[in-house]
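Comments concern the structure below.
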Amino acid sequence: MDIPRHVAIILDGNGRWAKARMMPRNYGHVKGAANVEVICRAADELGIKYLTVYLFSTENWRRNQDEVRALMNLFHSYTRTAIRQARENNMRCRVLGDPSALDATLQKNLRELVESSRDNTGLNFQLAINYGSRDEIVRAVRKVAADVGDGRISDPSQITEDMFASYLDTGDIPDPDLLIRTSGEQRLSNYLMWQLAYAELYFTQTPWPAFSKKDLELAIEAYNQRTRRFGGLKKGEEDREEH
């Protein structure tokens, strides 16, 4: 199969998976966090080079505060586990999003995760936490404006798509080839909207805690059935148009 270089996943359905088992929502989040390691290993085995997961959005702060506190506690323990997993599995980890709203200890853990894995050469693993695509773009615009004000950008023609993309949280990461969203929802939910411009989208009814290596393989099989034209036409397709 043609293995996508970069796969992005929206980890949806933790609460519904737990509810179906007569368990509290946080039980689903715990199981979902454990499944991240499973899919990281599966992605590495399949030859995926970049894997990006949506852990917590800028909009998730609106949830019930007890659930938010439980998620933050989970992230504390998960980041410590991720440091060990990155070392054992040779993963390089990056963090997407604005960490400033997170508590000081979690910010420290995330910095340690990034720094301790910087020289690893295996799977590139991105965690999107307190991340929203609109927020990311606004922050990038502010950085561009600051560079204009400081004179580092003197000509508006310097601001190209490639240059602007370098100001995003994913500045040194290739755009996703494939987006997977679990648990049946079919929307982007403010996730990587710039980067997903030409990604293939795959939606599955399987909730995230139950998402397995086989489910990942099914998504890649579906990806292989698509023809990626990036707005153009393949040879012999002149009678078809894509917008």
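The values are calculated or read from the model by the stated rules, or taken from the named source; none is laboratory data. Fair warning: this is a prediction, and the values are worked out from it, not measured in the lab. Glycine gets a Cβ as well: all are built from the backbone with ideal geometry, and neighbour counts include every protein chain shown.
Couple of notes before you dig in:
- Qualifying residue in the stretch 43-62 (condition: at pLDDT below 95, over 19 Å from residue 183 (Cα atoms) and either in contact with a Pro (Cβ under 6 Å, 6 or more places away or on another chain) or acidic (Asp, Glu) (or both)): no
- Strands (runs of 3 or more DSSP E) contained in the stretch 1-109 and holding at least 3 residues in contact with a helix residue (DSSP H, G or I) (Cβ under 8 Å, 6 or more places away or on another chain) and crowded, with 16+ Cβ neighbours inside 10 Å: 50-57, 92-96
- Residue count, the stretch 66-116 (criterion: closer than 23 Å to residue 138 by Cβ, touching a residue at least 12 places away in the same chain (Cβ under 8 Å) and of a type in the set (A, V, I, L, M)): 7
- Residue list for the stretch 141-185, restricted to those being part of a loop (DSSP other than H, G, I, E, B) and among the basic types (Lys, Arg): 152
- Restricting attention to the stretch 192-213 and to residues that are over 24 Å from residue 30 (Cβ atoms) and among the aliphatic types (A, V, I, L, M), the residue that is surrounded by the most Cβ atoms within 10 Å (Cβ to Cβ) turns out to be 192.
- Complete set of residues in the stretch 160-176 that are out of contact with any helix residue (DSSP H, G or I) (no Cβ under 7 Å at 6 or more places or on another chain) and either of a type in the set (A, V, I, L, M) or buried (at least 21 other Cβ atoms within 10 Å of the Cβ) (or both): 163, 165, 170, 173, 176
- Subset of the stretch 122-152 (residues that are more than 17 Å from residue 190 (Cα to Cα) and under 19 Å from the mean Cα position of the chain (by Cα)): 122, 123, 124, 125
- Selected residue (only one of 202, 191, 167 is of a type in the set (Phe, Trp, Tyr) and in contact (Cβ under 8 Å) with a residue 60 or more places away in the chain): 191
- For the stretch 128-138, the count of residues that are on the phi > 0 side of the Ramachandran plot and free of Cβ contacts under 8 Å to residues at least 40 places away in the same chain is zero.
- Test: residue in the stretch 122-140 that is more than 21 Å from residue 13 (Cα to Cα) and in a loop (DSSP other than H, G, I, E, B): yes
- Considering (1) touching a helix residue (DSSP H, G or I) at 6+ places or on another chain (Cβ under 8 Å); (2) within 30 Å of residue 26 (Cα to Cα); (3) at pLDDT 95 or above, the lone condition that residue 133 does not fulfil carries the number (1).
- Within the stretch 69-99, the set of residues being under 21 Å from residue 190 (Cβ atoms) and touching a strand residue (DSSP E or B) at 6+ places or on another chain (Cβ under 8 Å) comprises 71, 75, 94, 95, 96, 97, 98, 99.
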